[in-house]
1. I'd like to know if region 81-101 contains one or more residues that are within 27 Å of LEU15 (Cα to Cα), touching a residue at least 60 places away in the same chain (Cβ under 8 Å) and open to solvent by 20 Å² or more (accessible area, probe 1.4 Å).
2. I'd like the residue in region 14-60 that is in contact (Cβ under 8 Å) with a residue 60 or more places away in the chain and open to solvent by 30 Å² or more (accessible area, probe 1.4 Å) and, out of all such residues, is nearest to LYS80 (Cα to Cα).
3. Name the single residue, out of those in region 61-79 being open to solvent by 20 Å² or more (accessible area, probe 1.4 Å) and either more than 21 Å from LYS114 (Cβ to Cβ) or among the hydrophobic types (A, V, I, L, M, F, W, C) (or both), that is nearest to the chain's Cα centre (by Cα).
4. Can you go through GLU82, GLU9, GLU112, GLU86 and tell me which one is of a type outside the set (S, T, N, Q) and either modelled with pLDDT under 90 or in contact with a Leu (Cβ under 8 Å, 6 or more places away or on another chain) (or both)?
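The values are calculated or read from the model by the stated rules, or taken from the named source; none is laboratory data. Keep in mind that what you see is a predicted model, and the values were worked out from it rather than measured. Cβ coordinates were reconstructed from backbone atoms using ideal geometry, including for glycine residues, and neighbour counts include every protein chain displayed. Protein only, heavy atoms only, side chains kept; ligands, DNA and RNA dropped before computing areas. Shrake-Rupley method; radii C 1.70, N 1.55, O 1.52, S 1.80 Å.
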Amino acid sequence: MAEAKDWREKLFFILTGVRLHAKEYFLRLSGFWGRYRYCLSFPTIPEGLKAEKELKGFKAVSIPIPDEIFQGCGVGILVKDEEELERLLKHFKERGILVSGVFKREGKGFVEVKR
């Protein structure tokens, strides 16, 4: 978990994690999980949350970083297809949002795409 400054920030991180995990469980249980071909990772939780605020108008959804990519805390963004991925990466770059990794779905997991 990111280092919290006080109890309010710690509570915020916990509630954010609960919200993101609920979205992930819904996607997996509903069968929508497999419709997303790419996942983005971010260097920090705050950077991922900043990216999450920019998703309106994109075929993408925020989740906790999948265990197939990293077994720890973090924010991931699932993206439907390559065209949407390119559009979203350009959008993030224009807004100064740092992306630490791009992963493509292969079978039941994800493999990092070298960019």
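1. No, region 81-101 has no match at all.
2. First, pick out the residues of region 14-60 that are in contact (Cβ under 8 Å) with a residue 60 or more places away in the chain: 34, 36-41.
With open to solvent by 30 Å² or more (accessible area, probe 1.4 Å) added as a condition, the list becomes 34, 37.
Values: GLY34: 9, ARG37: 5 Å.
Looking at the filtered set, the residue picked out is ARG37.
3. Selected residue: VAL61.
4. Result: GLU9 is the single residue among GLU82, GLU9, GLU112, GLU86 that is of a type outside the set (S, T, N, Q) and either modelled with pLDDT under 90 or in contact with a Leu (Cβ under 8 Å, 6 or more places away or on another chain) (or both).
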